[in-house]
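Scroll down for the structure; my scribbles are underneath it.
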Amino acid sequence: MQVTFWGTRGSIAKPGEPTARYGGNTSCIAMRTGAGTQLVIDCGTGAHGLGQTLLAEGIKRGHLFIGHAHWDHIQGMPFFAPLFVPGQEWDVYGPTGLGGSIRNTLAGQMESTYFPVSLEQLGATIRYHDLGETRFQIDDVTITTRYLNHPALALAYKIEADGGGVVYACDHEPHVREAANGTAELTGQDAQHAAFISGADLLIHDTQYTAAEYPNKVNWGHSTYEYAMLVARTAGVGMLAFTHHDPLRTDDQIDALLASARETMLAAGSRIELFAASEGLTIPLASTDGAGAAAPPLVAPPVREVRNALQRALFGMTDPGLSALFFEAAATSGIDPLFVADSADARELIHGQHVSLAVVEHDPGNLDALAVARMVATANGASRVPVLAVADREVPGGEAAGISEWLIRPFSSTYASAKMQAWLLRGKSRWKKAPLPVDEGKRLATLHSLELLDTPPEPRFDRITDLARRIFDVPVSLITLIDQDRQWLKSCVGIDPIEAPRETSFCAHVVFERKPMVVSDTLTDDRFAENPLVTAMPRVRFYAGAPLILSDGECVGSLCLIDTRPRHLDASNLSVLEGLRDLVVAEIERAA
Ligand SMILES: [Zn+2]
Ligand SMILES: [Zn+2]
């Protein structure tokens, strides 16, 4: 087994000349066993370089352990290249925190406010495992975990393979304040911390502070190097690596601190090999030869104890088409689906199984979504489980019954999947499809009578969109027609023509509202922030549309402006857009 340091800095990345030797990247280490099992512990900024190297080496399978979810331990994850590559397979492990599963915690830092790609969009096959204090086996490696003393729920990992053992303990503060000096004997939880580490060949320990600095850093969640040395001696390890170096600590200061630490160790008659972790350093660990005690034998046959973080959802529905749609949506969302077709089965399941979400077709003869929502609320008490009701229109009393959101038919499995993921992650989706106008039947009849759908581009329309684009200095202008379930572009400048589903259409909102709509920044608008046209190409950031209302009163589409930057339109700009819109309507009616 070998261990390589990719990030050794604590708290924040600190590149530059004073930190060049020990490294400026935050926590990340890689381990590989003789049989080739690839492990990564922590995913600070050091993970960027590691990811590139693993790809270059052709590694396709790995296990990523997160000690805790403070930024300096996860910030490299969105830049860890293997996770983006289809065909890669990674298992991610971390402590279950107050914010729920490790998956949800990691998804948080990839929400669109912070990062352009969401966790769901990563190309690799990724499985998430929530850990507590446990012991389990992965191929040729045994992993044991123990909680550390830190403001966030943090785990130490003991990794045993090839006859050797490594413990990674970041971030951790002495349980007893006096222990920070490294002079008193360890007691209580500090002694247990050492007992957990006992027998490791290599201990990689948080040593952010010195005993002299510690009185001003109490409760910050970190160790002194003096404490780490005492723990190492008590545990009888072979080697101790100082890591999680304070961002203010220069290389020269680390050298000095290390020299003094070595003197202390010699004076104490200890033969523990001390070093400070530095980026790029690789430590080969031969099988145990007595430098450290042999790893304790497993007490029982190794059991894979990790709980797969798949979320289970109840799907109550009678319509086979709807079931098929949600079957697909559940598969893409990593949801384990449990289908029932009547209230009795729903009741039995709700009381017998823990579900994270329920989706119920409101079909009063067989399934009453309101009644099911009440059952779910009764069964789950204070821990509210979201209930999504599927119907052709909203039914009064839904909110009181506990229905979280109505999904109004028709919609695609992509829409269903986005809604379910949003509710599972944080209870609110930021993508709303436009409601159907009350005159929808008549509106469609008017649209179809125009015979404009699926006709070739015409200069008389393209002239107007081109003009709009120049006047407003936007990259894209469109004339859209909102058909039954699609948005079709009669004119399109600045972008390749794309036919979009109606549920993603901004212009469908304009058609419903029958008045101009300006969205200055889609990312701050709850109707659009998670619309696929915003989160993926063409990455709409600004939208302004004016409705195409014909002389018979029907609204068939919109003349719109799109930009990939946020912008504002004032009232006089808007009246210019409406003037251009009038030209479009005149052209449409001329043809009709
Ligand atoms: Zn940290
Ligand atoms: Zn921390």
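The values are calculated or read from the model by the stated rules, or taken from the named source; none is laboratory data. Here the structure is a predicted model, which is why all the values come from computation and not from measurement. When we count neighbours, we look across all protein chains shown, and the Cβ atoms used for this are built from the backbone with ideal geometry, even at glycine.
Of A184, A180, A191, A161, which residue is away from ligand 1 (no atom under 16 Å from the Cβ), under 13 Å from A228 (Cα atoms) and either in contact (Cβ under 8 Å) with a residue 60 or more places away in the chain or crowded, with 24+ Cβ neighbours inside 10 Å (or both)?
After ruling out the rest, the residue left standing is A180.
Could you tell me how many of the residues in region 164-176 are outside any loop (DSSP other than H, G, I, E, B) and more than 16 Å from ligand 1 (Cβ to nearest atom)? Talk me through it step by step, then tell me what you get.
Initial filter on region 164-176 (outside any loop (DSSP other than H, G, I, E, B)): 164-169.
Narrowing further to those that are more than 16 Å from ligand 1 (Cβ to nearest atom): 164-167.
Total satisfying the criteria: 4.
Specify the residue that is surrounded by the most Cβ atoms within 10 Å (Cβ to Cβ); the eligible residues are those in region 218-235 that are at pLDDT 95 or above and part of a loop (DSSP other than H, G, I, E, B).
That would be S223.
I'm checking my understanding of the structure. Among residues of region 57-74 that are within 16 Å of ligand 1 (Cβ to nearest atom) and β-branched (V, I, T), which one is farthest from E133 (Cα to Cα)?
I74
Which pairs turn up if I take residues in region 133-152 that are polar (S, T, N, Q) and look for partners that are at pLDDT 95 or above and away from ligand 2 (no atom under 16 Å from the Cβ) with beta carbon separation below 6 Å, at least 6 apart in sequence or on another chain?
T142/E160; T144/K158
Kindly provide the set of residues from region 470-501 that are closer than 20 Å to L444 by Cβ, in contact with an Asp or Glu (Cβ under 7 Å, 6 or more places away or on another chain) and at pLDDT below 95, ordered by number.
Within region 470-501, P501 is the sole residue that qualifies.
Among the residues of region 135-158, write down those that are part of a loop (DSSP other than H, G, I, E, B) and either buried (at least 17 other Cβ atoms within 10 Å of the Cβ) or within 16 Å of ligand 2 (Cβ to nearest atom) (or both).
Correct list: L148, N149, H150, P151, A152, L153, A154.
Say we look at region 196-232 and pick out the residues that are in contact (Cβ under 8 Å) with a residue 60 or more places away in the chain and of a type in the set (D, E); which of these is farthest from ligand 1 (Cβ to nearest atom)?
Within region 196-232, the match that is farthest from ligand 1 (Cβ to nearest atom) is D201.
Please go through region 228-262 and pick out each residue that is under 15 Å from V167 (Cβ atoms) and within 16 Å of ligand 2 (Cβ to nearest atom).
Selection gives A228, T243, H244.
Which of the following residues is closer than 30 Å to E328 by Cβ and more than 29 Å from the chain's Cα centre (by Cα): E440, E458?
E440
All but one of (1) closer than 14 Å to Y214 by Cβ; (2) within 16 Å of ligand 1 (Cβ to nearest atom); (3) among the aliphatic types (A, V, I, L, M) hold for A152; which doesn't?
It is condition (1) that A152 fails.
Taking only region 475-529 into account, find how many residues are under 22 Å from A418 (Cα atoms), of a type in the set (A, V, I, L, M) and buried (at least 18 other Cβ atoms within 10 Å of the Cβ).
Counting residues in region 475-529 that are under 22 Å from A418 (Cα atoms), of a type in the set (A, V, I, L, M) and buried (at least 18 other Cβ atoms within 10 Å of the Cβ) gives 4.
Pick from P532, P538, P566, P547: which is under 38 Å from the mean Cα position of the chain (by Cα) and within 21 Å of E451 (Cα to Cα)?
Only one candidate passes the filter, namely P547.
Condition first: over 28 Å from N104 (Cα atoms), part of a loop (DSSP other than H, G, I, E, B) and of a type in the set (K, R). Can you find one or more residues in region 385-397 that meet it? First the steps, then the outcome.
In the first step, residues of region 385-397 are kept if they are over 28 Å from N104 (Cα atoms); the result is 391-397.
Then drop every residue that is not part of a loop (DSSP other than H, G, I, E, B), which leaves 392-397.
Then keep just the ones that are of a type in the set (K, R); that gives 393.
Yes, there is a match, as at least one residue in region 385-397 is over 28 Å from N104 (Cα atoms), part of a loop (DSSP other than H, G, I, E, B) and of a type in the set (K, R).
Could you check Q38 against (1) in contact (Cβ under 8 Å) with a residue 60 or more places away in the chain; (2) more than 16 Å from ligand 2 (Cβ to nearest atom); (3) of a type in the set (S, T, N, Q); (4) touching a Lys or Arg at 6+ places or on another chain (Cβ under 9 Å) and say which number it fails?
(1)
Among (1) at pLDDT 95 or above; (2) away from ligand 2 (no atom under 16 Å from the Cβ), there is one condition T288 misses while meeting the rest; what is its number?
(1)
What number of residues within region 457-480 are under 14 Å from D496 (Cα atoms) and not in a helix (DSSP H, G or I)?
Summing the residues that are under 14 Å from D496 (Cα atoms) and not in a helix (DSSP H, G or I) in region 457-480 gives 7.
Name the single residue, out of those in region 41-90 being more than 16 Å from ligand 2 (Cβ to nearest atom) and among the charged types (D, E, K, R), that is farthest from P116 (Cα to Cα).
E57
Within region 233-249, can you find the residues that are more than 15 Å from ligand 1 (Cβ to nearest atom), touching an Asp or Glu at 6+ places or on another chain (Cβ under 9 Å) and within 15 Å of A261 (Cα to Cα)?
M239, L240
Evaluate the following for Q421: is it at pLDDT 95 or above, not charged (D, E, K, R) and not in a loop (DSSP other than H, G, I, E, B)?
Against the criterion (at pLDDT 95 or above, not charged (D, E, K, R) and not in a loop (DSSP other than H, G, I, E, B)), Q421 does not qualify.
Residues that are touching a helix residue (DSSP H, G or I) at 6+ places or on another chain (Cβ under 8 Å) and crowded, with 18+ Cβ neighbours inside 10 Å: find the helices (runs of 4 or more DSSP H) completely inside region 12-121 holding 2 or more of those.
47-56, 102-108
Does region 345-375 hold any residues that are touching a residue at least 40 places away in the same chain (Cβ under 8 Å), farther than 20 Å from S417 by Cβ and within 32 Å of the chain's Cα centre (by Cα), and which are they?
The answer is Q353, H354, V372.
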